[in-house]
Amino acid sequence: MIKRVIMKAKLIVFSLAAATGVFIFWANAPAAKNSATKNLVLMQMINSSLDQGHYQPVKMDNKFSESVFTLYIEHSDPLKKFFLQSDIKEMEKYKTKIDEQVNDGNFEFFDKSYEIINQRVLDCEKIYKNILANPFEFEKEENFETDPDKSTFPTDAKDQKEQWRKYLKYQILIRVSDMMDDQEKAKEKNDSTFKQKTFAQMEEDARKKVVKSNDDLFKRLKKLDYNDRLSVYINTVTNMYDPHTEFFPVKEKKNFDEQMSGQFEGIGAKLQEKDGYVKVSEIIPGSASWRQGQLKAGDLIIKVAQGDGEPMDVVGMPVDDVIPFIRGKKGTEVRLTVKKQDGTQVVIPIVRDVVLIEETFAQSLLLDTKKKIGYIKLPVFYSDFGKNGARTCADDIRKELEKLKKENIEGLIFDLRDNGGGSLQDVVKMVGLFINKGPVVQVKQKNMPASLLSDRDPAVVYDGPLVVMVNEGSASASEIFAAAIQDYGRGIIVGSNTTFGKGTVQQFYNLDDYLLPQFDTLKPLGSIKLTTQKFYRINGGTTQLKGVTPDIIFPDLLKYAKYGEKELENPLQWDQVPAADYTKYAVSYNADKIKTNSYARVQSNNVFKLVDDEAKFLKQEQDNSIESLNLNKFRDARKKFKTKMKQYDEVTAEIKDWQIKPLKADMEELKKDTVLVSKNNDWIKRLKKDIYLNECTKIIDDMR
């Protein structure tokens, strides 16, 4: 069915291109390589693809135009450092005309914005150089708004200089404060090798670093050409349809493919350009980032440093320019300064490595508490990973279940936390390992009724008590699995407030494939990723936007943060289709009593209380985005923050009332490889600190 849809989409693109006169235009164009001609063709092909291929096309009208205008301004100047309010007013004459320009292949609005932003970059280059030529003083009582969403564009050139002054002063203040911290630590340790500096020397050193950082930034900004900024404009148009529909220029598509292949040395994170930031959209299981554990999908990369070198600001930098600084040889360290979903900024050190495919596979352990409980961790719904082993996650989960049954387990915990999804076919098979047979998920394509994907095998591999762990990072196939188990009443879903809420499917289309041979001179055009399908639970509701709400909700650090599909730009909305015909399981346990017992344990657990307290504190810090530019007040605020955060160290303490050990079937394999033994021990050590997993064992106890 998917292939038929693709062919249909191709025919539509061709027919629309011909209908709009594009082919005639090409045929009559003596210089097909002309960039203006190519951009016109590109825009019309993308417009046709969106209109005919997208799951839910958007009506292009004045409302659409105004939304594009607002979002494009945000994307072009996310920190509000370049455009003046007079610039915005000048461009507003196009505010209701963008829909017409997109349809006609007219770039008048974009051309004007390109002209203005280039001029403002030159203006601001002079501003920062003049400001940084002289020392700053830090006794004055003034503040800096760190959240650009709460800021406004400068009213005029004078206001712009003042905003830049505060921004640069804040950058220097951070560095000076860090140097003062280092000196204080050296004094406490009586480190005679540490060279103490005066405040004036530290300020000068910090200023030199900020000069270098901005020199590099403006060098990159001035390298951005017409096509670089045109990609931002085109993607603003595609983002009106949904956040996952994107245009990929040739270079970005190549980077995307390399990030997903796992065949390069680096950190193993899929990156994308969003609102002027480089955003982590996915962590590749088995990669250096995945093993390190701190970098998460949704993080915004603010700075990049090579080891302990000076961090380089990358805000406003194209993702394909940032990637070479993040990649590197195996064994070298990169330090990423990232803005987390809770609003905090942290420095994450990652030692570059190749993706270790074996670490993406399903793994099992035995949790020994009052009962023997099986534990399975599935990082991703893989299928034929690496092609050589032809391994699928459904087959591997079956094998793990069979091994666990030989251990005489009395319950099973299936961990799908931070599992971003994967193979649809495998999730259907996997649900079938826990139910007799029946529908698993409904899939709907544009203008077609939902089709049912079902497990037709009546065999059940495991029929005992089941707890499924999810969190905000559980998406797509993970949500399908959790939703099916919940709808059947086959197990208990536990986790954060809700899962990610991504209930859509995307497909890539290489625009070059739609060109007739006589127009090869226009290649390469790039690719477009279109949302083409939507998932629905067997109860009729989609997993889109709302995700899956667990039966038992735990305190979570992101509880009060904005997270998930619902926080992205223009997500497709929640809706429903008729429910499938299925029969809920009859269970022996009292689900309400189990929830009540778990809630009581969590409320009386000091560690869970600390988690909730920390989540509230981080939310408070996120909302309080104004920083003092007075040195003493700034340092007092930072010390209070660090002191507060130290109170939460108990969250990572090891839990004493249980044992975690490998399965007997895996022991022989582990004995053959000391590296595997070390990795397995590290994994067990981390899990022994996992308060969420520990509570799940108690839930299993209550289910018997």
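Rule-based calculations on the coordinates, nothing more; no lab input. The shown structure was predicted, so the numbers you read here are calculated from the model rather than taken from an experiment. Note that we place each Cβ from the backbone using ideal geometry, even for glycine, and neighbour counts take in every protein chain shown.
Go ahead and run the numbers for FRET between Lys95 and Glu142, Cβ-Cβ distance against an R0 of 22 Å, rounding to 0.05.
The formula returns an efficiency of 0.05 here.
What aspartates and glutamates does Lys689 reach when the alpha-carbon gap must be under 14 Å and sequence neighbours fewer than 8 apart in one chain are set aside?
Within the straight-line cut-off, Lys689 pairs with Asp649, Glu650, Glu654, Asp657.
Per the helix-only calculation at 222 nm, which mean residue ellipticity applies to the chain, given -39500 (n - 2.57) for every DSSP H run of n ≥ 4 and division by its residues, nearest 500 deg cm²/dmol?
On the way: 22 runs with 310 residues, N = 704.
Roughly -14000 deg cm²/dmol at 222 nm, from the helical runs in the chain.
Positive end of the dipole of the chain, charges at C-beta (+1 Lys, Arg; -1 Asp, Glu), about the Cα centre: which of Val468, Gln272, Phe634 has its Cα farthest in that direction?
Val468
Please give, to one decimal in nm, the separation of the simple spin-label points placed at Asp321 and Lys523, each 7 Å out from Cα toward the Cβ.
Those two pseudo-labels are separated by 3.0 nm.
How large is the dipole of the stretch 457-554 about the Cα centre if only Lys and Arg carry +1 and Asp and Glu carry -1, each at its Cβ, rounded to the nearest 20 debye?
On the way: 7 positive and 9 negative charges, 49 e Å.
It works out to roughly 240 debye.
Within the chain, which complete DSSP H helices have Cα atoms spanning at least 24 Å along the helix axis and a mean Kyte-Doolittle hydropathy of 0.0 or higher? If you can, show how the numbers build up before the last one.
On the way: long enough: 2-19 (25 Å, 1.36); 35-53 (26 Å, 0.04); 108-131 (35 Å, -0.56); 157-188 (46 Å, -1.47); 199-223 (36 Å, -1.22); 606-623 (26 Å, -0.91).
Helices meeting the criterion: 2-19, 35-53.
Given a Förster distance of 60 Å, report the FRET efficiency between Lys616 and Lys672 from their Cβ-Cβ distance, rounded to the nearest 0.05.
Numbers: r = 48 Å, r/R0 = 0.80.
Step by step, r from the Cβ atoms, then E = 0.80.
Can you give the relative contact order of the chain as a percent, counting alpha carbon pairs under 8 Å and 6+ residues apart?
Relative CO of the chain lands at 13 percent.
Suppose every Lys and Arg Cβ carries +1 and every Asp and Glu Cβ carries -1, with no other charges. What dipole size does the stretch 124-222 come out with about its Cα centre, to the nearest 20 debye?
Here the stretch 124-222 has a charge dipole of around 580 debye.
Among Gln163, Phe144, Val211, which residue has its Cα furthest toward the positive end of the charge dipole of the stretch 124-222, with +1 on Lys/Arg Cβ and -1 on Asp/Glu Cβ?
Of the options given, the answer is Val211.
For percent of Cα pairs over 43 Å apart, the listed values are [x] 32; [y] 42; [z] 37; which was obtained by calculation from the structure presented?
Structure-derived value, by its label: [x].
Treat each spin label as a single point 7 Å out from the Cα along the C-beta direction, and report the Asp228 to Asp51 distance in nm.
Between Asp228 and Asp51, the simple spin-label model gives 3.3 nm.
Assign unit charges at the C-beta atoms only (+1 for Lys and Arg, -1 for Asp and Glu), then state the dipole size of the chain relative to its Cα centre in Debye, rounded to the nearest 20. Walk me through the numbers on the way to the answer.
On the way: 110 positive and 107 negative charges, 199 e Å.
Rounded to the nearest 20 debye, it is 960 debye.
In the stretch 527-616, with Lys and Arg counted as +1 and Asp and Glu as -1 at Cβ, which of these residues, Asn539, Tyr560, Asn597, has the Cα nearest the positive end of the dipole, that is, farthest along it?
Value: Asn597.
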